[in-house]
Structures are given as structure tokens and as C-alpha cells.
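Asks: Below are the C-alpha cells for one structure; questions will follow.
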Amino acid sequence: MSHPLRKASLRDRAALERLIARSARGLGCAHYTSQMIEAALGAVFGVDSQLIRDGTYFVVEAQGKIVGCGGWSRRRTLFGGDAHAQRDAAELDPAKDAAKMRAFFVDPAHARKGIATAILERCEAEARARGFARFELMAALPGIEFYRSRGYVPGVPVQYPLGSGVTIEFVPMAKAS
């Protein structure tokens, strides 16, 4: 199935926020409690304006509605939207650093239809064209099998603190091009 991609723009922000919330709630509920999901939506899941400004964040639309998004980064920040406190916009060196695959979310009604694959393939191709030979990401639990099927190898799971005593489990994953 063909999924035409376009670069996200800052005008997409509200639609992206709604998509991210639908995706986290709809696909995350099998892996996380609602308390974890809501805390993550406030702390780490969200729009990353830097990816949009860098031109490395993509969306897929169906019937005029954004149903998938994801991107890659040449910057040090591994995960988290604008609200995430631990951000580092310093640029990576493709000769020694891995490009970061970032912020993939799919509308639950459009899951498992190849949308995330189309976005990931575009991101990896663009990162390769910029000289990156390795990729890494921080996977939410619903995405682990998807990334594994695309050649990513999981690392040791981490418990990430979201505040108010709530933590969420993520899994760092990496892939050599």
C-alpha cells in the first residue's frame, strides 16, 4: 500500500498533538496504565518543533487527516517533544554518531497498514544520504516489535521518571545501516 509522505510544518502542530494523544492512548493501553500514558503525554510524548524546523519530520494523511508521523534527527536529543526537559540541539557527527529516529505515532484506526514503515524507510534513507551509517531510537513498548522487524536491536529497558512517582518503561534500540 502506498503512503505518500510530506514534510510536517508548524501549521500541523495542533493536528499532530491530537494524533500523538490518540496513538498513545489507543496503542499504548495494552502496555501502559492510563496514568503512565497521561503523564507521558505531558512530559515526553509530544510535538518536537526542532524536527519540523529541520525538515526531518514527516506526516501521512488519509482523507485530509494526519494519520501517521515520524522523523529523524541529526541532533543529540534521543526522544521527547518540546515539553521534554532533557533536550540537546547540538549536531551529531555522522562519522561517529548514530542518527536519531524520533517521535513515531500512528492513528490506531490506521495501525499495521505500512504507514510507520513508509516513514521509517524515508527517515533512514535521508539519514544515510547525510552520511549516517547507524541509527538509534528510544522505543515505547508498543513499538518494539515493529522496530525489531525493521532490523533494530533492543538494549536494556529503562524506567524513565515522569514525575509524581510515575515512571514509564522505554527500550533503547539501534541498527547499523
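The values are calculated or read from the model by the stated rules, or taken from the named source; none is laboratory data. What you see is a predicted model; the values in this text were computed from it and never measured. Cβ sites come from the backbone with ideal geometry, for glycine too, and all protein chains shown count toward neighbours. Just so you know, the surface numbers come from the protein's heavy atoms only, side chains and all, with ligands and any DNA or RNA stripped out. Shrake-Rupley method; radii C 1.70, N 1.55, O 1.52, S 1.80 Å.
Asks: Hey, can you tell me all the residues within the range 125-177 that are among the charged types (D, E, K, R) and within 14 Å of His31 (Cβ to Cβ)?
Replies: Just the residues of the range 125-177 that are among the charged types (D, E, K, R), to begin with: 126, 128, 130, 134, 136, 145, 148, 150, 169, 175.
Answer for the range 125-177, where residues must be among the charged types (D, E, K, R) and within 14 Å of His31 (Cβ to Cβ): Glu145, Glu169.
Asks: Looking at the range 145-162 only, could you name the residues that are at pLDDT 95 or above and open to solvent by less than 80 Å² (accessible area, probe 1.4 Å)? Walk me through it before giving the result.
Replies: At the first step, the residues of the range 145-162 found to be at pLDDT 95 or above are 145-159.
Across the range 145-162, the qualifying residues are Phe146, Tyr147, Arg150, Gly151, Tyr152, Pro154, Gly155, Pro157, Val158.
Asks: Could you check Phe104 against (1) within 16 Å of Tyr147 (Cβ to Cβ); (2) open to solvent by less than 20 Å² (accessible area, probe 1.4 Å) and say which number it fails?
Replies: If we test Phe104 against (1) within 16 Å of Tyr147 (Cβ to Cβ); (2) open to solvent by less than 20 Å² (accessible area, probe 1.4 Å), just (2) comes out false.
Asks: Pairs needed: first member in the range 1-14, within 12 Å of Ile66 (Cα to Cα); second member anywhere, part of a helix (DSSP H, G or I); C-beta distance under 6 Å; at least 6 residues apart or different chains.
Replies: Close Cβ pairs (under 6 Å, with a partner that is part of a helix (DSSP H, G or I)) amount to His3/Ile115; His3/Ala118; Leu5/Arg122; Ala8/Ile52.
Asks: Just the residues that are within 11 Å of Ala140 (Cα to Cα), over 16 Å from the mean Cα position of the chain (by Cα) and not aromatic (Phe, Trp, Tyr), please, taken from the range 23-41. Break it down into steps so the answer makes sense when it comes.
Replies: Let us first name the residues in the range 23-41 that are within 11 Å of Ala140 (Cα to Cα), namely 24, 27-28, 31-32, 37, 40.
Next cut, over 16 Å from the mean Cα position of the chain (by Cα) only: 31-32.
Selection gives His31 alone.
Asks: Looking at the range 109-144, which of the residues that are open to solvent by 40 Å² or more (accessible area, probe 1.4 Å) and free of Cβ contacts under 8 Å to residues at least 40 places away in the same chain is nearest to the chain's Cα centre (by Cα)?
Replies: Restricting to residues being open to solvent by 40 Å² or more (accessible area, probe 1.4 Å) and free of Cβ contacts under 8 Å to residues at least 40 places away in the same chain, the top hit is Glu121.
Asks: Next question, about the same structure. So is Ala99 open to solvent by 40 Å² or more (accessible area, probe 1.4 Å), small (Gly, Ala, Ser), without any contact (Cβ under 8 Å) to a residue 40 or more places away in the chain and closer than 25 Å to Arg134 by Cβ or not? I'd like the intermediate steps shown before the answer.
Replies: Details: open to solvent by 40 Å² or more (accessible area, probe 1.4 Å): no; small (Gly, Ala, Ser): yes; without any contact (Cβ under 8 Å) to a residue 40 or more places away in the chain: yes; closer than 25 Å to Arg134 by Cβ: yes.
Judged against the criteria, Ala99 is not a match.
Asks: Given Ala127, Ala116, Ala83, Ala98, which one is in contact with an Asp or Glu (Cβ under 6 Å, 6 or more places away or on another chain) and either at pLDDT below 95 or farther than 17 Å from Val44 by Cβ (or both)?
Replies: Values: Ala127 fails: in contact with an Asp or Glu (Cβ under 6 Å, 6 or more places away or on another chain); Ala116 fails: in contact with an Asp or Glu (Cβ under 6 Å, 6 or more places away or on another chain); Ala83 fails: in contact with an Asp or Glu (Cβ under 6 Å, 6 or more places away or on another chain).
Answer to the check: Ala98.
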